[in-house]
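Trainee: Attaching a single structure in structure tokens format; questions to follow.
The values are calculated or read from the model by the stated rules, or taken from the named source; none is laboratory data. Predicted model, so just to flag it, every value in this text is computed and none were measured. Note that we place each Cβ from the backbone using ideal geometry, even for glycine, and neighbour counts take in every protein chain shown.
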Amino acid sequence: MRITLIFLIAIVSLISCDDNQKNDQISTDVIMNPNTANGEIDTTMLPVIELKEDFFDFGVVIQGEKVSHTFIFTNTGKSNLVLSSVHAGCGCTVPKYSKDPVAPGASGEIEVTFDSSGRSGLQSKSVTISSNTQPSRTEIRFVADVAVPK
């Protein structure tokens, strides 16, 4: 009886260990490592972010105004494009973007809002896009000439 009980516990342990190993594995469909064995980068299957424009001029803005512009991009690559973060260089600029993957051939948007409060003169700002592209960072820029009201 004791040997049978030990035997059953051993079988249950082996079966449960095998199930845990299956759950811990990641599908190879999820993994896309562009590095080859020789250290070169194979970019043929990666997403590519192609911006309609990477620079925008707001022109003259009255101090205190909030102005927005939408930068449009297209994924011209061969796999889903994922924007992991979009951040501005200062607190006066707020970017908004979708965190959903952008399929090959599809387009997406990044809305950038600039708050001119406390600013004056020519302002040049940048926003950095981090994504699963090669290189992984892309920059968009804008300028605004902030006029102080009289």
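Trainee: Within segment 77-96, can you find the residues that are loosely packed, with under 15 Cβ neighbours inside 10 Å and not hydroxyl-bearing (Ser, Thr, Tyr)?
Mentor: Step one: filter segment 77-96 for residues loosely packed, with under 15 Cβ neighbours inside 10 Å, giving 78, 84-85, 87, 89-91, 96.
Lys78, His87, Gly89, Cys90, Gly91, Lys96 - these are the residues of segment 77-96 that are loosely packed, with under 15 Cβ neighbours inside 10 Å and not hydroxyl-bearing (Ser, Thr, Tyr).
Trainee: Filter segment 40-76 for residues that are among the hydrophobic types (A, V, I, L, M, F, W, C), without any contact (Cβ under 8 Å) to a residue 60 or more places away in the chain and surrounded by 12 or more Cβ atoms within 10 Å (Cβ to Cβ); which is farthest from Thr133 (Cα to Cα)?
Mentor: So, considering only residues that are among the hydrophobic types (A, V, I, L, M, F, W, C), without any contact (Cβ under 8 Å) to a residue 60 or more places away in the chain and surrounded by 12 or more Cβ atoms within 10 Å (Cβ to Cβ), the one farthest from Thr133 (Cα to Cα) is Ile72.
Trainee: Which residues, counting only those in segment 55-77, are more than 16 Å from the chain's Cα centre (by Cα) and either on the phi > 0 side of the Ramachandran plot or not in a strand (DSSP E or B) (or both)?
Mentor: If the condition is that a residue be more than 16 Å from the chain's Cα centre (by Cα) and either on the phi > 0 side of the Ramachandran plot or not in a strand (DSSP E or B) (or both), then Gly59, Gln63, Gly64, Glu65 are the ones that fit.
Trainee: While we're here: Being out of contact with any Ser or Thr (no Cβ under 9 Å at 6 or more places or on another chain) and either modelled with pLDDT under 95 or at positive phi (or both) is the filter here; which residues of segment 78-90 pass it?
Mentor: Within segment 78-90, just Cys90 meets the criteria.
Trainee: Just checking, does segment 27-46 include any residue being within 30 Å of Gly121 (Cα to Cα) and either part of a strand (DSSP E or B) or modelled with pLDDT of 95 or more (or both)?
Mentor: In the first step, residues of segment 27-46 are kept if they are within 30 Å of Gly121 (Cα to Cα); the result is none.
The answer is no, given that none of the residues of segment 27-46 is within 30 Å of Gly121 (Cα to Cα) and either part of a strand (DSSP E or B) or modelled with pLDDT of 95 or more (or both).
Trainee: Let me ask something additional. So, of the residues in segment 134-144 that are among the charged types (D, E, K, R) and more than 19 Å from Val61 (Cα to Cα), which turns out to be surrounded by the most Cβ atoms within 10 Å (Cβ to Cβ)? Show your work before the answer.
Mentor: Our first condition is that a residue be among the charged types (D, E, K, R); within segment 134-144, this holds for 137, 139, 141.
Right, trim to more than 19 Å from Val61 (Cα to Cα) and you get 137, 139.
Values: Arg137: 10, Glu139: 12.
That would be Glu139.
Trainee: Only residues that are closer than 27 Å to Val61 by Cβ and either of a type in the set (Val, Ile, Thr) or touching a residue at least 60 places away in the same chain (Cβ under 8 Å) (or both): list them for segment 79-133, please.
Mentor: Val86, Thr93, Val94, Ile110, Val112, Thr113, Val127, Thr128, Ile129
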